[in-house]
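What follows is a set of notes on a single structure, which appears directly below.
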Amino acid sequence: MINSGSSSLKYRLLDMPGAAVRLDAVVERIGRDDSHLRLRRPDTSDETQGCEWVGPIADHRAALAQVDASLRASGWGPEVGAADIVAHRVVHGGESFQGPALIDDQVVAAIRDHCRLAPLHNPANLAGIERCRELFPQVPQVAVFDTAFHQSLPASAYRYALPTDWYHRHGVRRYGFHGTSHASVLRQTAAFTRRPPEAFNLISLHLGNGASAAAIRAGRCVDTSMGLTPLEGLVMGTRSGDIDPAILFHMTRDSDLDLSQLETALNRDSGLKGLCGSNDLREIQRAVEAGDAAARLAIDIYCYRIKKYIGAYAAVLGEVDVLAFTAGVGENSASIRAQVCDGLESLGIAVDEQRNQYYQGGVGEIQAGAVKVLVVPADEAHEIARQALDCLHGVSA
Ligand code: AMP
C-alpha cells in the first residue's frame, strides 16, 4: 500500500487476506537534503529490527527507489516490485469514483482532473502512482479514494445552498473524506455485531488529528461532516471545522491577513491548537489537570461540536443502533468518549464508566444504554488493501 503525501511517502507490505504487516517504510522530508527513511518489520517484537537512512531524496520516484534499495540492502525483501498488487490511497475522486479503480491512463487523467479540488493532496498521490507505474509496470495498481464511501450521499446532504452554477461549473459540493476509515468502522461493526451492514444504522466518529463524523444508514453513508475540503465539520487538531464563512470577509477587512494566510490559519493554526496552543490531546489533557483554562475550554468546544453532530445525525437516521469511536483520540481517550456521550440519554446513548475506562483494544463495547457504543481500532491500511484486492478480482466494494 502506498500513501504519498506532499513531502512524504508511506509504504506498507501486507500479507492478505489477514493484513499482517510484513514491512513498513516511511519517507519524510522528500525534496530536501536530509530526507529520512525509516524501515520496520513490525512482525517482530525486537525494536532493533528497523533501519534508518538519511540523505537527499529529490522526489517520490527517488523515495520509492530508496525504499527498494534499502529493502535489498537489509535483505528483508521482497523488493517493492515483487508485490502482487499495489494499492494507492488517493484523497479526492470527486464524483467520478464510487469505489476503488484499477489504474490505467484514464484513471490517472481523472485523478489529475481532480487536482483542482485537492491541490495539496492529489498531485502528491499522482506522483506516487506515476512513479510506481514506471518502476513496476507489471504490477497491477489500484486507486482507493478517500471520498468514494461518501458518494452515496443524497443531493439534499451534499449540495450547499449556493448558486447552482458553482456546483455545475466549479464542483462546489460536499464530498467528505476519511472514507476508508468509516468503511472500515462499518465493516468491523458488522463483524463484531454479527449483523450484515444493511441491518443497522451507525454514527461513525473518526477522532484523530483530523476528525469527521458519518451517518450510515443500512450500510450506505447518508451524511458526513467534511465538505468540499476536509476543513468543514468537527473541531480538529489544527483545523477549525464549521465556522461562519463571513468570518473570512471580516478578517480580510479587519486584519492584514490575505486569503492565502487565512487559508493557512484555518487549516494549520486553528482547531485545538488555535484554542490552546497544542493539537496533541494528551498534552492538552495534562494542561487541563494543571488547571489551564484555555485547554479546558478547547476540550469543551471539541466535545460540544461532536455532540451536536451526533444529535443531527440521530435526526437524519431516525434510529441509531451503533455509535462508534475510532482513531487516535476516539480509541485512546475514555474521558473524551464520556464527555461526548454525557447528556445523550434521551437518544439512548450512554457510556458505562467501567467498560469505558477499562477498554483494552480490539473492538470494545462500552454502552450503558440501548444504543451500542463501540470503540473500533482504526484499520485503514487493511481496508485499503482489501478494497484493492476486491477491485482486482471484480468484487464490488
Ligand atoms: P491520529 O491522527 O489518529 O494519529 O490521532 C492523533 C491524536 O490522537 C492526537 O491528538 C493524540 O494526542 C491523540 N492520542 C493518541 N494517543 C492518545 C492517548 N493515549 N490519549 C489521548 N489522546 C491520544
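The values are calculated or read from the model by the stated rules, or taken from the named source; none is laboratory data. Remember, predicted model here, so these are calculated numbers, not experimental data. Quick reminder, even Gly has a Cβ in these numbers, built from the backbone with ideal geometry, and neighbours come from all protein chains shown. Heads up: the accessible areas ignore ligands, DNA and RNA and are worked out on the full protein's heavy atoms, side chains in. Shrake-Rupley method; radii C 1.70, N 1.55, O 1.52, S 1.80 Å.
With every protein chain kept in place and ligands, DNA and RNA left out, what is the accessible area per residue of the chain? Probe 1.4 Å, answer in Å². Provide the component values of the computation, followed by the final result.
Values: 18340 Å² over 397 residues.
Ligands and nucleic acids excluded, the result is 46 Å² per residue.
Counting other Cβ atoms within 10 Å of each Cβ, which chymotrypsin sites (Phe, Trp or Tyr not before Pro) in the stretch 149-194 have at most 15 and sit in a DSSP loop?
TYR160
How would GLU28, GLU289 rank on accessible area, largest to smallest, probe 1.4 Å? List each step's numbers first, then the result.
On the way: GLU28 90, GLU289 155 Å².
Sorted descending by solvent-accessible area, the residues read GLU289, GLU28.
Applying the Karplus parametrisation 6.51 cos²θ - 1.76 cosθ + 1.60 with θ = phi - 60° to the phi angles of the stretch 288-301, what ³J(HN,Hα) value in whole Hz is obtained for each residue in order, glycine and proline being reported as x?
These are the phi-based 3J(HN,Hα) values: 4, 4, 7, x, 6, 5, 5, 5, 4, 5, 4, 5, 5, 5 Hz.
Carbon-plus-sulfur fraction of the accessible area of the stretch 254-334, 1.4 Å probe, in percent? Before the final figure, lay out the partial values.
On the way: 2010 of 4160 Å².
That share works out to 48 percent.
In 10 Å bins starting at 0, how do the alpha-carbon pair distances of the chain split up by percent?
5, 21, 31, 28, 14, 2, 0
Rank ALA246, ALA370, ALA148 by mean-square fluctuation in a GNM of the chain with C-alpha springs under 10 angstrom and give only the top-ranked residue.
Judging by the Gaussian network model, the answer is ALA246.
Using helices alone, what [θ] at 222 nm do you get for the chain, with -39,500 (n - 2.57) per DSSP H run of 4 or more residues, divided over all residues and rounded to the nearest 500?
-11500 deg cm²/dmol
Full-extension gain between ALA294 and HIS36, please, as 0.36 nm times their residue separation minus the C-alpha to C-alpha distance. The partial results should precede the final answer.
Details: separation 258, 0.36 × 258 = 92.88 nm, distance 3.54 nm.
Separation in residues times 0.36 nm, less the Cα-Cα distance, equals 89.3 nm.
Trypsin sites (Lys or Arg not before Pro) within the stretch 138-238: which are DSSP loop residues with at most 10 other Cβ atoms inside 10 Å?
On the way: sites: ARG159, ARG169, ARG173, ARG174, ARG187, ARG194, ARG217, ARG220; in loops: ARG159, ARG173, ARG174, ARG194.
Counting only loop positions with at most 10 other Cβ atoms within 10 Å, the trypsin sites (Lys or Arg not before Pro) in the stretch 138-238 are ARG194.
Mind checking which lysines have their Cα closer than 28 Å to the Cα of LYS307? Skip sequence neighbours fewer than 8 apart in that chain.
LYS273, LYS372
Separation between the ASP256 and GLU365 pseudo-spin-labels, each 7 Å from Cα along Cα→Cβ, expressed in nm?
Result for the modelled spin labels: 6.1 nm.
Keeping the other protein chains in place, figure out the carbon and sulfur percent of the accessible area of the stretch 87-221, with a 1.4 Å probe. Kindly include the intermediate steps, with their values, before the conclusion.
Working: 2820 of 5450 Å².
Carbon-and-sulfur percentage of accessible area, whole number: 52.
Which residue fluctuates the most in the chain, going by a Gaussian network model with Cα springs under 10 Å, if the choices are ALA110, ALA214, ALA293?
So, out of ALA110, ALA214, ALA293, the one fluctuating most is ALA293.
Give me the distance in nm between label points sitting 7 Å out from Cα along the Cα-to-Cβ direction at ARG194 and CYS51, one decimal.
4.7
From the backbone phi of the stretch 204-210, what are the Karplus-calculated ³J(HN,Hα) couplings (6.51 cos²θ - 1.76 cosθ + 1.60, θ = phi - 60°) in whole Hz, Gly and Pro given as x?
Whole-Hz 3J(HN,Hα) from phi for the stretch 204-210: 10, 10, 8, 10, x, 5, x.
Compute the length gained on full extension between ARG169 and LEU120: take 0.36 nm times their separation in residues and subtract their Cα-Cα distance, giving the result in nm to one decimal. Working shown, then result.
Numbers: separation 49, 0.36 × 49 = 17.64 nm, distance 2.08 nm.
Stretched fully, the ARG169-LEU120 segment lengthens by 15.6 nm.
Can you tell which of PHE325, PHE136, PHE145 shows the greatest fluctuation in a Gaussian network model of the chain with Cα springs below 10 Å?
PHE136
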